[in-house]
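Engineer: Structure incoming, see below.
Just so it is clear, none of the values below were taken in a lab; they were calculated from the coordinates. Remember, it's a predicted structure, so these values are computed and weren't measured experimentally. When we count neighbours, we look across all protein chains shown, and the Cβ atoms used for this are built from the backbone with ideal geometry, even at glycine.
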C-alpha cells in the first residue's frame, strides 16, 4: 500500500486502487445536502408551535369545529414535513451510495458516513455496503502483501542469477533465448536486450558433435551435466562447460536453463602442468643421454687428434681434423651445459661469455655447412670490441643454434634468403643479440604460443617444440630475456637481452 508520510490523500495500492475515508470536500458536500431536511423539520416545528399558540389565544372566540380543523391541518402539515424529511434523508443516503460506487469503479474505496439507528432499512443497506468495503479493504491489503512478497522474491532470485559466476541463458523449445544474466552479455559482447530472441546456435559457433548433443537433449528431454565444449567467440577459441536442465520434466513446456562456465584458463593451466611434467621427464632423459654422449665424444676428439698427428703436414687434412676436434669440444661443452640445466641449481652463474666471439664462431660453422648448401646469405654486424655477458658460452651457443636453425627452416621457399646476426650495447648494463630473416614471418594467431613447451608448426620429425622454450628458460635463469619483435614486417626478428659484465680485457667494457 502506498501513502506519503503526513499526506491527507487516500492510501493507494500499487495497482492503483485507493482505500480511504471521505475527504473534506466530500464531507462538505454531504453536509450541505443534509441541511435541507433539517431546515425543513425546524420550519415545520416552528409553524406548528405558532398554530398551537394562535389556537390557544383564540379559544374563546373560535368554534370547536374550527379548532378541530386547525389541529387536523397542523397534524397533516407535520406528517407531510416528516415524510419530506424521510424522503430527503433516503435520497441523501442513496446519493452517497451512488457516489461511493462511482468512486469504487475508479479504484477508490470509501465507507458511507451515516448515523445508525434511525432507520432499519437504511441501516441494513448502509451496513452491508460498509461491510463490503471493509472486506475489500482486507482483500486488497492481502493482495498488496502478496504482491510485495512476490516482488521481493523476484528481486532476490534476480540478484542470485546476476551474481552467478557463469553465463546463464533461459531458452524456449526452439532454443531461442528469452532471458539471460549480465555475464551472458559480457561473454557475447552484446546488451541483454539484444540476446533476447537470438538462437543459441547463432550465439555459439558449435561443432557438429556439440550441435547434435543439444538437439538430442531437447528431443529426448535429458539433462546435460559438465559437458566440455569448444566454441569460437569474438574471434577467439574458448573451452566451456555446458549444463542444461529443463524447466519442467513433464508436460508441454520444453523451456530449459543453460549455464556456461569458461574453463579456458583451467585448460591452459592443465596443459602447462602437463608440459611441465614432460619437461621434467625430458630433463631427466637429457641428463642420462648427456652422460652417455660424453664417452663417444671423447673418443671422437682422441681419434681426431691421432689422425691429425698421423697425416703430417697436409694442410687441408690438418684443417679438417682441427674442425672435428673443435666441434667435438663444443658438443662436449653443450652436453655439460645440458647437464647443468637439468639440475635444480646452476653452477655457472659466475661464468662470462663474449657474445661477439660466440656469434662469429656459430655463424661461421653454419656458413661452412648448412647455409652454403641452401645458398643462404648471412650478414654479421657485431659491436666493436668485446661484449661480455653473464652465463655459460655453451648455453649462449644453444640459443644461437636454435635461432639460426629456425631461420634456415623458415627460408625454405624464399627467393633470396638472408639472415642477419647483430650485437649491440643497449646501455651500460644490457647487451642485445638480434637474429632476423626475410622469410614469411610468424602468423599473428600463434605468436603468443611460440615459447610454450612442445608447441611447433613443423612437420613430425622436423621439430620437437622445445627449442625456443629451452632458450627462454635458460635466458631467464641468466637474468636475460628473449622476445619476438611483432613490429618487424619483413620476416621474423628475435631479440635477446642479457646483463653485461666487465670485459676480461680491462681496456674494454
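Engineer: Could you give the radius of gyration (one decimal) and Dmax (whole number) of the Cα atoms in region 165-262, in Å?
Structural biologist: Rg then Dmax for region 165-262, in Å: 12.6, 40.
Engineer: Right, another one. Put one equal scatterer on each alpha carbon of region 97-181, apply the Debye formula with no solvent term, and list log10 I(q)/I(0) at q = 0.13, 0.24 1/Å to two decimals.
Structural biologist: -0.64, -1.13
Engineer: Per 5 Å bin, what percent of the C-alpha pairs of region 390-441 does each bin hold, from zero upward?
Structural biologist: Spelled out per bin, shortest first, that is 4, 18, 23, 21, 16, 10, 6, 2, 0.
Engineer: Here is a further query. Among 440-448, 187-195, 255-263, what's the highest-first ranking by average C-beta atoms within 10 angstrom per residue?
Structural biologist: Values: 440-448: 12.1, 187-195: 14.4, 255-263: 18.8.
Packing order, densest peptide first, comes out as 255-263, 187-195, 440-448.
Engineer: Let's test this: bin the Cα-Cα distances of region 350-509 at 10 Å from zero up to the farthest pair and state each bin's percent.
Structural biologist: 10, 40, 36, 12, 1
Engineer: Restricting things to alpha carbons, tell me how big region 144-212 is in terms of Rg and Dmax, in Å.
Structural biologist: For region 144-212, the Cα radius of gyration and maximum Cα-Cα distance read 14.7, 51 Å.
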